[in-house]
Amino acid sequence: MVRIRVLVVDDHRIFAESLAAALAAEPDVDVSAAGSGPAALRCLERAAAEGRRFDVLLVDADLAAVAGAVPAQREPGSGPPPGTDGIALVAGVRVSHPGVRTVVLAERDDPRRAALALQAGASGWVAKDCSLSRLLAVVRGVLREETHLPPALLTGVLRELTAARKHRTDSERLVESLTPREHEVLRCMVAGLGRKDVAARLFLSPHTVRTHMQNVLGKLGVHSTLAAVALARRAGVRPADLPGLPGPGLAGEVVERSGQLA
């Protein structure tokens, strides 16, 4: 018998334990539970190191914030709305453990959040009060590369995805108007570099960098660096590689992927 390894991630202990117990009663399911995003990531890493990878992650949509994953400042509309930190975890897992399928468990249906979950890498969106048989059908379905959504959400999710695609296309068109040098400067901005650091990296004077930054803001039609970075992320602009410093890593990927509908 092929066994399915499931990890339940929910900071509501009673719900997590009850769901884990119900799933464990199935003869082909091995289940574990984690009470937070960081705990879930540790479980995944430990299991991978021991050669017993998890197959499916069941993640609470309202999971408390993943440590380090949410920026202190966020341009309105550029990042995950309140309560989507479980979705941010989904995005991080897609980066660090791409073989793990994720299903979001939600207390209420919300097309916007369901669309965010799909874009973050989730394979399903399921109501927390659904039957065990329904949940098991979804778990087995996502392992067959299926995507599961409640029928009542389909129209709203498609509408959200269509709008997000238009938004991204508009952002891409604006970014394409930049010169190669301005694009380099924008990538440095996405990496979080200030004017002096950009100047040092690109061997330019701070005054020249200031001019380039002003041109970038003008061409993108925004009034702040934060807004420019948000638009750049929507357009898929990657941060500049920073020699000697760690790359975006999990936290950076979580913020970028959960903060946009690609």
(request) Please say if the stretch 113-223 is rounded, prolate or oblate, where rounded means a/c under 1.5 for a ≥ b ≥ c the square roots of the C-alpha gyration tensor eigenvalues, and otherwise the choice is prolate for a/b larger than b/c and oblate otherwise? (result) prolate
(message) Apply the Karplus curve 6.51 cos²θ - 1.76 cosθ + 1.60, θ = phi - 60°, to the phi angles in the stretch 123-138 and return the couplings in whole Hz, x for Gly and Pro.
(response) 9, x, 9, 10, 5, 5, 8, 6, 6, 4, 4, 5, 4, 5, 5, 5
(request) Would you mind getting the accessible area per residue of the stretch 85-202, heavy atoms of the protein chains only, 1.4 Å probe, in Å²? (result) 47 Å²
(request) Could you tell me which of rounded, prolate or oblate describes the stretch 1-41, using a ≥ b ≥ c as the square roots of the eigenvalues of the alpha-carbon gyration tensor, with rounded for a/c under 1.5 and, failing that, prolate when a/b is larger than b/c and oblate otherwise? (result) oblate
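Ranking request for peptides 136-149, 115-128: highest mean number of other beta-carbon atoms within 10 Å first, then the rest in descending order. Before the final figure, lay out the partial values.
Working: 136-149: 16.0, 115-128: 23.2.
Sorting 136-149, 115-128 by mean packing, highest first, produces 115-128, 136-149.
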(request) Let me know the shape class of the stretch 1-70, please: from the alpha-carbon gyration tensor, a ≥ b ≥ c as square roots of the eigenvalues, rounded when a/c is under 1.5, otherwise prolate if a/b is greater than b/c, or oblate. (result) oblate
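Peptides 86-96, 9-19: what's the order by average Cβ count within 10 Å, highest mean first?
Highest mean packing first, the order is 86-96, 9-19.
The values are calculated or read from the model by the stated rules, or taken from the named source; none is laboratory data. Quick caveat: nothing in here was measured; it's all calculated off a predicted structure. Counting neighbours? That spans all protein chains shown, and the Cβs are built from the backbone with ideal geometry, glycine included. SASA here: full protein model, heavy atoms, side chains in, ligands and nucleic acids out. Shrake-Rupley method; radii C 1.70, N 1.55, O 1.52, S 1.80 Å.
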